[in-house]
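Participant: My questions will all concern the structure given below.
Nothing in this text is a laboratory measurement; each read-out follows from the coordinates by a stated rule. This is a predicted model, so every value here is computed, not measured. Quick reminder, even Gly has a Cβ in these numbers, built from the backbone with ideal geometry, and neighbours come from all protein chains shown.
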Amino acid sequence: MNHTSQAFLTSPSGGHPTNYERIKEEYEVAEMGGPHGSTSVRTTVINMPREVAVPDHVVWSLFNTLFLNFCCLGFIAYAYSVKSRDRKMVGDVTGAQAYASTAKCLNISALVLSILMVVITIIAVVSIAVSAGRPYT
């Protein structure tokens, strides 16, 4: 080993930190007015959110169930939305997010397929009306 590295590793106080080396937590406790005696009290504060905002898509699912219920996708989405709301009330955020994600996918697919069916129906009705209005030649 090099002589300079040996001198760097050894300290005059025998490996113990000197008085001017304070741990950051102890310094912050002293600034906040903590006890200044030989015993120090450490306090840990954890801020927990009171309510987790997980969208459950119940209103969207109910709309799809009542108006655009293509192949019962709106009803299935409503069931997953209710499950998501139940998980959120229990406190299971991960389960609520999983059910909400499934409900969102089902709502999107129900909406897209229902709009597609409406557009196809309108095109079919217009094309039949136009062809019925022409005389056969």
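Participant: Among all residue pairs at least 6 apart or on different chains, which show Cβ distances below 7 Å where the first residue, located in the range 77-101, is over 12 Å from HIS57 (Cβ atoms) and the second is surrounded by 18 or more Cβ atoms within 10 Å (Cβ to Cβ) and among the hydroxyl-bearing types (Ser, Thr, Tyr)?
Facilitator: ARG87/TYR99
Participant: To continue, here is another question. Taking the condition of being surrounded by 19 or more Cβ atoms within 10 Å (Cβ to Cβ) and of a type in the set (Ser, Thr, Tyr), how many residues in the range 96-110 meet it?
Facilitator: So the answer is 1.
Participant: So, one more: Take the conditions more than 13 Å from the chain's Cα centre (by Cα), of a type in the set (Ser, Thr, Tyr) and either on the phi > 0 side of the Ramachandran plot or surrounded by fewer than 14 Cβ atoms within 10 Å (Cβ to Cβ) (or both) and apply them to THR44. Does it pass?
Facilitator: Here the answer is yes, as THR44 does meet what is asked.
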